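Student: There's a structure below that I have some questions on.
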Ligand code: ATP
């Protein structure tokens, strides 16, 4: 990481202590210009504290924050070219849309003619050209979101910070706004930094996502990398659905190994050249439901039941969910295993049927048990 203006934002070993609480611990990352970056993590992991340091509302206890290659330590919030959209949007209810958007420009001493041009331009860009005279209470939830973004974007920030802005919306509007936000980011070609505890928001909108846990970044990657190649057990469990088994390594080399689960079942994993797991060490194995095939016992094609991993069980229940539905299978050791199936209505599995669960060792993601996930 160097003084590099092609990164809109760089954080270098940034930390924040509140007394004995280490809210953010030596976090480092950089964000290339014009990208959508999300910080995803559970409540209390330090997301808001990190965001507040970037915005200038909190001073870091250590490390450096750079905007367009220049350190902003000691620079007050209003002198950083960073704007922030809060969950409750903070629009001024006594002002109409035009005055809300114009406010920051007026504070910066911009002349009336220029304000008018900029406000109308930004309203065009957010596809709300006709709402300038409306009062805030006359807008829908989605329109308020867009006005809150327009009010920031009219000031042409280097970075727009968004602190769970969809949290207060109902489910349907939230779904629509995810796509909308991504399109707006593309339209303005400005770096958006979005914090959320909702993985579906982060995965849909982001070019890159940082997974934060207990004040630290566990992994930064594209949504696809995080989903298919999680580097820690925490990431594997936090991003996407997984079945999880704890167990002990029985044998292992650089290509993979064998584990005995707590239920006494054998399970194999392949590790494609990664570090060998130590024999006797405790591990967690994660398998995504879509990689487990459920094959009817007895009547099924034997070929279908091939795979390095196999368990036998009884269908407990089926959760219809359109194209990909989920079957919950109760294994002989009593646990419930989830796998994805296509329900067609004909010859579908039924609760109580005997089945085999099979999957390739390539789909078993194995992590040393560090007692953290
Ligand atoms: P949420 O998603 O619930 O908003 P978060 O990931 O944004 O959580 P933070 O609000 O950054 O988490 O809090 C991180 C930790 O720092 C928590 O343990 C919190 O209690 C603590 N913390 C945050 N602000 C302060 C403060 N001003 N004084 C003391 N402790 C604080």
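The values are calculated or read from the model by the stated rules, or taken from the named source; none is laboratory data. Predicted, not measured: the structure shown is a model, and the values here were computed from it. Reconstructed Cβ throughout: ideal geometry from the backbone, glycine too, with neighbour counts over all protein chains shown.
Student: Across the range 5-41, what is the total count of residues that are more than 13 Å from residue 217 (Cβ to Cβ), within 16 Å of the ligand (Cβ to nearest atom) and crowded, with 17+ Cβ neighbours inside 10 Å?
Tutor: Initial filter on the range 5-41 (more than 13 Å from residue 217 (Cβ to Cβ)): 5-10, 16-23, 32-36.
Pick out the ones that are also within 16 Å of the ligand (Cβ to nearest atom) and you get 16-23.
Next cut, crowded, with 17+ Cβ neighbours inside 10 Å only: 16, 23.
Summing the residues that are more than 13 Å from residue 217 (Cβ to Cβ), within 16 Å of the ligand (Cβ to nearest atom) and crowded, with 17+ Cβ neighbours inside 10 Å in the range 5-41 gives 2.
Student: Scanning for something more than 16 Å from the ligand (Cβ to nearest atom), assigned to a helix (DSSP H, G or I), at pLDDT below 90 and crowded, with 17+ Cβ neighbours inside 10 Å, does the range 145-167 turn up at least one residue?
Tutor: Within the range 145-167 (the criterion being more than 16 Å from the ligand (Cβ to nearest atom), assigned to a helix (DSSP H, G or I), at pLDDT below 90 and crowded, with 17+ Cβ neighbours inside 10 Å), the answer is yes, since at least one residue qualifies.
Student: Having 1 or more residues that are buried (at least 24 other Cβ atoms within 10 Å of the Cβ) and under 11 Å from the mean Cα position of the chain (by Cα) is the bar; report the strands (runs of 3 or more DSSP E) wholly within the range 188-227 that clear it. Break it down stepwise before answering.
Tutor: Details: elements: 191-196, 208-213, 216-221.
Here the list reads 191-196, 208-213.
Student: Continuing with this model, one more query. Does the range 76-89 include one or more residues that are assigned to a helix (DSSP H, G or I), out of contact with any helix residue (DSSP H, G or I) (no Cβ under 6 Å at 6 or more places or on another chain), under 28 Å from residue 142 (Cα atoms) and modelled with pLDDT of 95 or more? Talk me through it step by step, then tell me what you get.
Tutor: Narrowing the range 76-89 to residues assigned to a helix (DSSP H, G or I): 77-79.
When the remaining residues are screened for being out of contact with any helix residue (DSSP H, G or I) (no Cβ under 6 Å at 6 or more places or on another chain), the result is 78-79.
Restricting the remaining residues to those that are under 28 Å from residue 142 (Cα atoms) gives 78.
After this cut, where a residue has to be modelled with pLDDT of 95 or more as well, the list is none.
For the range 76-89, residues assigned to a helix (DSSP H, G or I), out of contact with any helix residue (DSSP H, G or I) (no Cβ under 6 Å at 6 or more places or on another chain), under 28 Å from residue 142 (Cα atoms) and modelled with pLDDT of 95 or more: absent.
Student: I'm told residue 93 meets every condition in (1) more than 15 Å from residue 217 (Cα to Cα); (2) at pLDDT 95 or above except one. Can you identify the failing condition by its number?
Tutor: It fails just one condition, (2).
Student: Scan the range 330-347 for residues that are farther than 20 Å from residue 266 by Cβ and surrounded by fewer than 12 Cβ atoms within 10 Å (Cβ to Cβ) and jot them down.
Tutor: Correct list: 342, 344, 345, 346, 347.
Student: A further question on this structure: Could you identify the single residue in 13, 8, 30 that is without any contact (Cβ under 8 Å) to a residue 60 or more places away in the chain, under 15 Å from residue 208 (Cα atoms) and touching a strand residue (DSSP E or B) at 6+ places or on another chain (Cβ under 8 Å)?
Tutor: On the way: 13 fails: under 15 Å from residue 208 (Cα atoms); 8 fails: without any contact (Cβ under 8 Å) to a residue 60 or more places away in the chain.
Going through 13, 8, 30 in turn, just one is without any contact (Cβ under 8 Å) to a residue 60 or more places away in the chain, under 15 Å from residue 208 (Cα atoms) and touching a strand residue (DSSP E or B) at 6+ places or on another chain (Cβ under 8 Å): 30.
Student: Just need a number here: residues in the range 239-270 that are under 15 Å from residue 360 (Cβ atoms) and exposed (fewer than 15 other Cβ atoms within 10 Å of the Cβ).
Tutor: Qualifying residue count, the range 239-270: 2.
Student: Does residue 47 meet the test of being within 13 Å of the ligand (Cβ to nearest atom) and either touching a strand residue (DSSP E or B) at 6+ places or on another chain (Cβ under 9 Å) or under 19 Å from residue 220 (Cβ atoms) (or both)? Break it down into steps so the answer makes sense when it comes.
Tutor: Numbers: within 13 Å of the ligand (Cβ to nearest atom): yes; either touching a strand residue (DSSP E or B) at 6+ places or on another chain (Cβ under 9 Å) or under 19 Å from residue 220 (Cβ atoms) (or both): yes.
For residue 47, the condition - within 13 Å of the ligand (Cβ to nearest atom) and either touching a strand residue (DSSP E or B) at 6+ places or on another chain (Cβ under 9 Å) or under 19 Å from residue 220 (Cβ atoms) (or both) - is met.
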